1. Of everything in segment 122-158 that's among the polar types (S, T, N, Q) and part of a strand (DSSP E or B), which residue is surrounded by the fewest Cβ atoms within 10 Å (Cβ to Cβ)?
2. Any residue at all in segment 150-168 that is among the polar types (S, T, N, Q) and under 15 Å from the mean Cα position of the chain (by Cα)?
3. Quickly run through segment 71-108 and pick out the residues that are part of a loop (DSSP other than H, G, I, E, B), of a type in the set (A, V, I, L, M, F, W, C) and buried (at least 19 other Cβ atoms within 10 Å of the Cβ).
4. Name, by its number, the condition in (1) under 21 Å from Leu39 (Cβ atoms); (2) among the β-branched types (Val, Ile, Thr); (3) under 13 Å from the mean Cα position of the chain (by Cα) that does not hold for Ile100.
Amino acid sequence: MYKFRLFLLLGLLVAFTACKKEDSETVTPALEAVTFSNLAAPGDVIDRTTGQVTQANPFIYFSFEKGTTVNESENWDIGFKGTTLIFNSGVSGNGQGGAIIKTGTFDELTEAPASTEFRQDTASELAVPTGSDNGWYNYAGAPTHLITPLAGKIIMVKTFDGKYAKVEILSYYKDAPAQPNAFTDQSATYTFRYMYQADGSTTLK
């Protein structure tokens, strides 16, 4: 009887040790890259002869946590309007957000930079600068007038509550045509992919 109890105790101890080892070897699942298509965010309508705005359009706000567009009054992370991007920070919002453009591929950049590297929107300059070749896009000018995302430019984002995401703009035209036409394809209609880290760590893979 004593030997039976001893063997039973040893068996339970081995099983418990095996379970503990299995738990310690649990691998954290990889984050999912999400593609969001056709976010329409038209810029202001401007009279080309006078330079005056004839129709002011609002920013369209997006939440990485919710994975969709939200109202300005909600917890948003990034705003789109024409070619301009804003972040919930500084003069653009009351959040803890910010952004910085990093050079590399979406898959290569697997870690958010140090918190001190992130820029906030200010009255003089946005975190992601506007203008051709200054931020995320190139404007080709005549004759094509195409707006094309710059290859190898990934937007690292600090969200409204200090978490992290990375964004790659894939297309500025509706349905992300392989060969867009600025005269026939609807512009300011973003397709982008992103990866959001919900646990607050800087890991983006």
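1. Restricting to residues being among the polar types (S, T, N, Q) and part of a strand (DSSP E or B), the top hit is Asn138.
2. So far as segment 150-168 goes, yes, one or more of its residues are among the polar types (S, T, N, Q) and under 15 Å from the mean Cα position of the chain (by Cα).
3. Passing the criteria: only Trp76.
4. Here Ile100 meets the rest and fails (1).
Throughout, read-outs are computed from the coordinates displayed, never taken from laboratory work. Being a predicted model, the structure only gives us computed values, none of them experimental. Counting neighbours? That spans all protein chains shown, and the Cβs are built from the backbone with ideal geometry, glycine included.
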